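Readers should treat all values here as calculations from the given coordinates under stated rules, not as data from a laboratory. Bear in mind that the values here come from a model prediction, so they are computed numbers and not experimental data. With ideal geometry, Cβ positions are generated from the backbone for all residues, glycine too; neighbour counts draw on all protein chains shown.
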Amino acid sequence: MSGSENRTLEELQRTVESLQRQLEEAQASNKAKEAFLSNMSHDIRTPMNAIVGMTQLAKKHIDEKARVADALNKIETASSHLLSLINEVLDMSRIDSGRMNIAAESFSLSDLLHDVVTIIQPQMVQKNHRWTLSSSGIVCEQLIGDALRLRQVYVNIINNAVKYTPDGGQIDLSVSESVLDGLCHLSLVCRDNGIGMSEEFLSRIYDPFERAGSTTVTRIEGTGLGMSIVRKIVEAMNGSISITSRLGEGTEVTITVPLPYEEIRVDHAAVQDKNLLILEANPVLISLYDQYLDEFGIAHTIVPSASAALSVLTDADFGKISFDGLIIGREQKESGSIYDIASYFSKAHPDLPVILISEDSWDEIRYHANRSGIHHFIPLPIFRKSLINGLDKVFSGENAAQGASLTPDLTGRRILLAEDNFINLEIAKEILRSTKAEIDTAENGQEAVACFSASSEGFYSLILMDIQMPVMDGYEACRAIRRMDRKDAGTVPILAMTANTFAEDIARAKEAGMNGHIAKPVDINALMQALRQALR
């Protein structure tokens, strides 16, 4: 056989092997998709069954308040789960079609991490997980990037740790930074002692539609798209992701992304001469308080328990020393809730501002906190800027609004609501009635523009604008209002309230001249917070 015939035979053999590999890959992909469709059929029907069933039970027992309330809570939980499944499928579709854009906006690292912990914490509490959040080398607190996508990545990673870690397990989160070539390299490490992964599964963890199977620990539900989405987002940010895991021993995930950063201004004039009493037993947080407060020369005393705080305050009274504020931190050595502690000190020392520093969501704890005398809040994790600026706002009076009611009192204000769907319009009007604002409605963007044009200057305090409407959509309606030759056209707050919830949609709303974005299904707390900020 000649050399040319040998080469032809070898090329043919390589072609056959290549085609065989492609066939095997296609078959594996089809098998994964079939499994995905089967799993999704089950996973979507499960919360749908809960929603339909609990709705029927609520109607059947409409006069039994407790049963109706229980049914509504379960409907809310099932709806949230169903929405997360749908979002992942839509996200993957958008990424595969090349329509995912990475935003470049300024955001606070402290706020981002607080949002992540607030989202994940209820699940960790439910499974009785022990967890820690530590930070080191944090020098860039104000970063430039896509906070929404970064939050999505972090929540997905930590949610996996929660999902695959048995009840009573341990989850440790650590955040660190390093500055290199003018960029801040932000790293998140998530470690758990859960069920871990085999080397075989680890090799295909990023494949779409893959997910770890059911175990004796729990039946795992989800799309199997999470890690595929995570890697695509991280790569779009020029970042990296690494995973180490051993079956039965747990998993460690490290995500690093390079981000531009901004120099921050730390305001401390109002807190400069204050003397603070801090109730905190966590050694890591104690070290941070000492580091940040000493840097700005802010006097402080740290005690590990409420009884020790009482002793210090008593000694201070006899020694003619005064404290200007009491900080209640994350941990203390005695039993008792933060609300009981705050209530005691606010009654015994009514002139002493009580400041809570916690990973909880302020909107969720506001009612109990206010009743206990807590009217100031700084979210965890604390960094240099977030702590000092937060304290400065307390003593300059800016932070007093934290104690206000969750629902703003908009008596005398008028809101223009543009919404073409009758049910959505009814829901929005019912939610807004609690603010005591006057509500005008428009069925499309053109009507909204006409209503605003026909009104006197300052007539409308705020406009809530749907996006996908007939005749004229929300973007064009906003542009039309902004172009009007009247003083309030450029200043009236316009908020998108829409089911267009991707990062690109939020960017488009901003480009059209909108001041904010509220996603549907509408979260009442998020809407009220947006109203408070827009009409502050």
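Couple of notes before you dig in:
- Set of aspartates and glutamates with alpha-carbon distance to K385 below 13 Å, sequence-local pairs under 8 removed: D111, E141, E262, E263, D267, E295
- Inverse mean reciprocal Cα-Cα distance (Kirkwood Rh) of segment 275-403, Å: 14.7
- Under a model in which nothing but the beta-carbon of Lys, Arg (+1) and Asp, Glu (-1) is charged, segment 105-262 shows a dipole of about 500 debye around its Cα centre.
- Axis of helix 3-60 versus longest Cα principal axis of the chain: the two differ by about 40°, to the nearest ten degrees.
- C-alpha long axis of helix 306-318 to longest principal axis of the chain, angle in °: 30
- Counting 0.36 nm for each residue step from L12 to R486 and taking away their Cα separation leaves a gain of 163.2 nm.
- Computed over Cα pairs, the Kirkwood radius of the chain leads via Stokes-Einstein (0.890 mPa s, 25 °C) to a diffusion coefficient of 92 µm² per second.
- Computed about its Cα centre, the charge dipole of the chain is approximately 920 debye, with only Lys, Arg, Asp and Glu carrying charge at their Cβ.
- Modelled this way, with points 7 Å down the Cα-to-C-beta line, the labels at D273 and Q291 are 3.0 nm from one another.
- Dimensionless Rg/Rh of segment 105-262 - Kirkwood Rh, Rg from C-alpha atoms: 0.96
- Neighbourhood net charge (9 Å Cβ-Cβ; Lys/Arg +1, Asp/Glu -1) for M237: -1
- Percentage, to the nearest whole number, of Cα pairs in segment 414-534 over 18 Å apart: 45
- Projecting the Cα atoms of W362, L387, P350 onto the dipole axis of segment 275-403, where Lys and Arg carry +1 and Asp and Glu carry -1 at the beta carbon, places P350 farthest toward the positive end.
- Over segment 105-262, relative contact order from alpha-carbon pairs under 8 Å, at least 6 apart, %: 26
- Taking Lys and Arg as +1 and Asp and Glu as -1, the other residues whose beta-carbon sits under 14 Å from that of L410 total +4.
- Taking the chain and dividing mean pair separation by its residue count, relative contact order in percent (alpha carbons under 8 Å, at least six apart): 10
- Applying a 4.7 Å cutoff between beta carbons, the unpaired cysteines of the chain are C190, C451, C478.
- Helix-derived mean residue ellipticity, 222 nm - over the chain, DSSP H n ≥ 4, -39500 (n - 2.57), to 500: -15500 deg cm²/dmol
- Taking 0.36 nm per residue of separation and subtracting the current Cα-Cα distance, fully stretching the chain between E426 and T77 would add 123.4 nm.
- Checking the Cα-Cα distances for K60/K520; K163/K436; K127/K333; K436/K520 against a 31 Å cut-off, the pairs over it are K163/K436.
- Relative to the longest principal axis of the Cα atoms of the chain, helix 283-295 runs at roughly 60 degrees.
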